[in-house]
Amino acid sequence: AAKCGDCGPGYATPEDAMKGPREKLVYLPCIYRNTGTEKPDYLATVDVDPKSPHYCQVIHRLPMPNVKDELHHSGWNACSSCFGDSSKQRNRLILPSLISSRIYVVDVGTDLRAPRLHKVVEPVDLFWKGNVANPHTSHCLGTGEILISCMGDPSGNGKGGFILLDGETFEVKGTWSNGDKVPPMGYDFWYQPRHNVLMSTEWGAPKALADGFNPADVDKGLYGQRINVWDWSTHTYVQAIDLGKGSIPLEVRFLHNPAAAEGFVGCALSGAVHRFYKTEKGLWAAEKVIQVPSKKVKGWLLPDMPGLITDILISMDDRFLYFSNWLHGDIRQYDITNTRQPRLLGQVFLGGSITRGGPVTVVEDQELECQPEPFVIKGKKVPGGPQMIQLSLDGKRLYVTTSLYSGWDKQFYPDMVK
């Protein structure tokens, strides 16, 4: 990319991305909401350069100007979809707040090692210009704009809407979707222009999950169960793929090959990974290709403990699928050379709720012969379980964080919150 005078940010192809330089910094949202500490969430800058004297250390913290935002996901102002535009730079980090509905724009271009706040988009702009709230996933578009999925309306009801930001001023332009039809819930999304499609998923109604998980809310229909299909060119909601009541499909990923009309979605509560694909008739369908069995337990919220698949990702060469089981505590790697028959290659336990010596006893397990050992680093037991995962572009390093969402962290891993 450095030799190309007319190129924008990112990489022209996934193959080029895998050959890029090794990452030296990681930006990480850190949450104070629900910890009992009245401090604003902050963005941590972590040095991940092995040659640096500060390797694996937090070298900078940028506190937000408000408390109880619940920073969650992050995204870029410009990415490889803007590769053909030399005027674009990947110099702003987009930080939507899941609870306060603010959107922070952080300047990482002026000083990579010490980001600074560039702009705050206030909730009222989302409420008035889009009738949406609880922003979650942000993706840059080839137009230079930024598209952000939302989980609800301003009253806390579920609503699968989107908000569009100007890529230069970061002003709210309005909603992305057209027409009266919208899904009952929202969460994550991914788009594939070559197939004229955007896929979105569903977590739950914000007012239901705000302070924790109540299994009764699943029966009330307050948690999601669909992959929602949108027409990319007209911005209209065209199809719903029902994955079953209480499945809670969260992260959705297309294969990186832009010609491929398929991808995967991980379902938290059902413990399933579904492959979605385009049919010969031009509609979209899904089939279950992985099932993580629940474990029968004592000393826990329910007698059956799901794995709770919270994050999934695909390697840049489309060879491997990774996902985290936040409750069981393991991360898995699958060979997806045959996308219809993923093959388990590796599994590592990084904490979780079933570790030996804890309050939970496993009484029946279809996979393990004994409960895993606690996860210890440098003599310190790591509380919580693996949640968000990010693979290095070359596919050689996997970064893992433990927080899911502060209301659920507090409920399922109180030691981690402390």
Output yes when any residue across the range 77-100 is open to solvent by 70 Å² or more (accessible area, probe 1.4 Å) and of a type in the set (A, V, I, L, M, F, W, C), and no when none is. no
Pairs where the first residue, in the range 175-196, is on the phi > 0 side of the Ramachandran plot and the second is open to solvent by 60 Å² or more (accessible area, probe 1.4 Å), C-beta under 6 Å, 6+ apart: 196/233
Residue 183: within 17 Å of the chain's Cα centre (by Cα), crowded, with 18+ Cβ neighbours inside 10 Å and at pLDDT 95 or above, yes or no? no
Residue count for the range 245-260, restricted to those that are small (Gly, Ala, Ser) and under 21 Å from residue 17 (Cα atoms): 2
So which residues in the range 368-397 are open to solvent by 50 Å² or more (accessible area, probe 1.4 Å) and farther than 30 Å from residue 73 by Cβ? 369, 370, 373, 379
The lone exception for residue 59 - which of (1) surrounded by fewer than 23 Cβ atoms within 10 Å (Cβ to Cβ); (2) over 27 Å from residue 34 (Cβ atoms) it fails: (2)
Going through the range 303-340 one residue at a time, which ones are more than 23 Å from residue 201 (Cβ to Cβ), in contact (Cβ under 8 Å) with a residue 12 or more places away in the chain and open to solvent by 40 Å² or more (accessible area, probe 1.4 Å)? 317, 319, 337
Close pairs (9 angstrom Cβ cut-off, 6 or more residues apart or separate chains): within 12 Å of residue 361 (Cα to Cα) and among the small types (Gly, Ala, Ser) in the range 290-302, in a loop (DSSP other than H, G, I, E, B) and open to solvent by 50 Å² or more (accessible area, probe 1.4 Å) anywhere: 299/359
Do the conditions hold for residue 219, that is, is it open to solvent by 40 Å² or more (accessible area, probe 1.4 Å) and of a type outside the set (Lys, Arg)? yes
Determine whether the range 138-145 contains at least one residue that is buried (at least 21 other Cβ atoms within 10 Å of the Cβ), modelled with pLDDT of 95 or more and under 30 Å from residue 61 (Cβ atoms). yes
Residue match in the range 26-49 (condition: touching a Cys at 6+ places or on another chain (Cβ under 8 Å), open to solvent by 50 Å² or more (accessible area, probe 1.4 Å) and of a type in the set (Lys, Arg)): no
Residue 114 versus (1) among the small types (Gly, Ala, Ser); (2) modelled with pLDDT of 95 or more; (3) under 22 Å from the mean Cα position of the chain (by Cα): which is the lone unmet condition? (3)
Candidate set: the range 141-161, residues that are outside any loop (DSSP other than H, G, I, E, B) and among the β-branched types (Val, Ile, Thr); chosen: the one farthest from the chain's Cα centre (by Cα): 146
Keeping to the range 264-290, report how many residues are under 16 Å from the mean Cα position of the chain (by Cα) and β-branched (Val, Ile, Thr). 2
Requiring at least 1 residues that are more than 27 Å from residue 14 (Cβ to Cβ), at pLDDT 95 or above and out of contact with any helix residue (DSSP H, G or I) (no Cβ under 9 Å at 6 or more places or on another chain), the strands (runs of 3 or more DSSP E) wholly within the range 192-279 are 226-231, 236-242
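The values are calculated or read from the model by the stated rules, or taken from the named source; none is laboratory data. The shown structure was predicted, so the numbers you read here are calculated from the model rather than taken from an experiment. Here the Cβ is made from the backbone with ideal geometry for all residues, glycine too, and neighbour counts use every protein chain on show. Side chains included, ligands, DNA and RNA excluded: accessible areas come from the protein's heavy atoms. Shrake-Rupley method; radii C 1.70, N 1.55, O 1.52, S 1.80 Å.
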